[in-house]
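Heads up, the thing below is written out as structure tokens.
No value in this document is a laboratory result; all are computed from the given coordinates. Values in this document were obtained by computation on a predicted structure and should not be read as measured data. FYI the Cβ positions are ideal-geometry reconstructions off the backbone, even for glycines, and counts take in every protein chain you see.
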Amino acid sequence: SAVISQKPSRDICQRGTSLTIQCQVDSQVTMMFWYRQQPGQSLTLIATANQGSEATYESGFVIDKFPISRPNLTFSTLTVSNMSPEDSSIYLCSVPATYYGYTFGSGTRLTVV
Amino acid sequence: QKEVEQNSGPLSVPEGAIASLNCTYSDRGSQSFFWYRQYSGKSPELIMSIYSNGDKEDGRFTAQLNKASQYVSLLIRDSQPSDSATYLCAVNPTNTGNQFYFGTGTSLTVIP
């Protein structure tokens, strides 16, 4: 399966600022997915990022708050904008695995103070 | 009603015992089902997939699917302390494309 390098692994940010999370995949993939995992909660899909087109956002998530870039088939970024303490979560990128299921990046643990 | 429901636990079993993890889902037309293991502070790791009714075995793990009853389970035989983790059930409902719904996970502790 693809290997995903995600960074930063963690960060503590001031409210009102923005953080950009990067995911680099060691092979070309058509689709990349961004998830959020709030404390004690399940994973929630934020958006699907396809190369060459705008990301598709799930209900409850908007581009102004979570802009996504997908400049090529191996890289994507998710920005968490104008952060508030409610944005404190683990953010994960994911790509389809070779045979079935999905592979996740190592995650970014974000704390907003 | 949540799309995917799991008992959050914690579930504790002694080393060597069978751990049984259960998951129910709401979309009767769902076709793909996955179990992920997530160690504390780590990202989820895919351990099993199942698509057809019945059992699927892989080493010490057995996934069981019953579409009529809308549940999927994971059995871990000969449980080891290294199996202590949170286990997430993921379901791909019909007509959602690549959307997977995850349960909140069941925390498993294997006691040496």
Relative to the compact-globule scaling 2.2 N^0.38 Å, provide the ratio for the alpha-carbon radius of gyration of chain B. 1.01
Go through chain A and flag any cysteine with no other cysteine's C-beta closer than 4.7 Å, please. A:Cys13
Convex hull volume per residue for segment A:22-75, taking Cα atoms only, in Å³: 92
What list of ³J(HN,Hα) couplings, whole Hz, do you get for segment A:29-37 from phi and the Karplus terms 6.51, -1.76, 1.60, once you set θ to phi - 60° and write x for glycine and proline? 9, 6, 10, 10, 10, 10, 10, 10, 10
Could you tell me which of B:Ala85, B:Tyr36, A:Thr48 has its Cα farthest along the dipole of the protein assembly as shown towards the positive end, charges placed at Cβ (Lys, Arg +1; Asp, Glu -1), taken about the Cα centre? A:Thr48
How long, wide and thick is the protein assembly as shown, going by the Cα atoms along their three principal axes, in whole angstroms, largest first? 48, 36, 36
Percent antiparallel among DSSP beta bridges with both residues in chain B, to the nearest 5? 90
Give or take rounding to whole Å, what are the principal axis extents of the alpha carbon atoms in chain A, in descending order? 39, 26, 23
Please list, in order along segment A:57-68, the HN-Hα scalar couplings obtained from phi with the Karplus expression 6.51 cos²θ - 1.76 cosθ + 1.60 (θ = phi - 60°), rounded to whole Hz, x for Gly and Pro. 9, 7, 4, x, 10, 10, 5, 5, 8, 10, x, 10
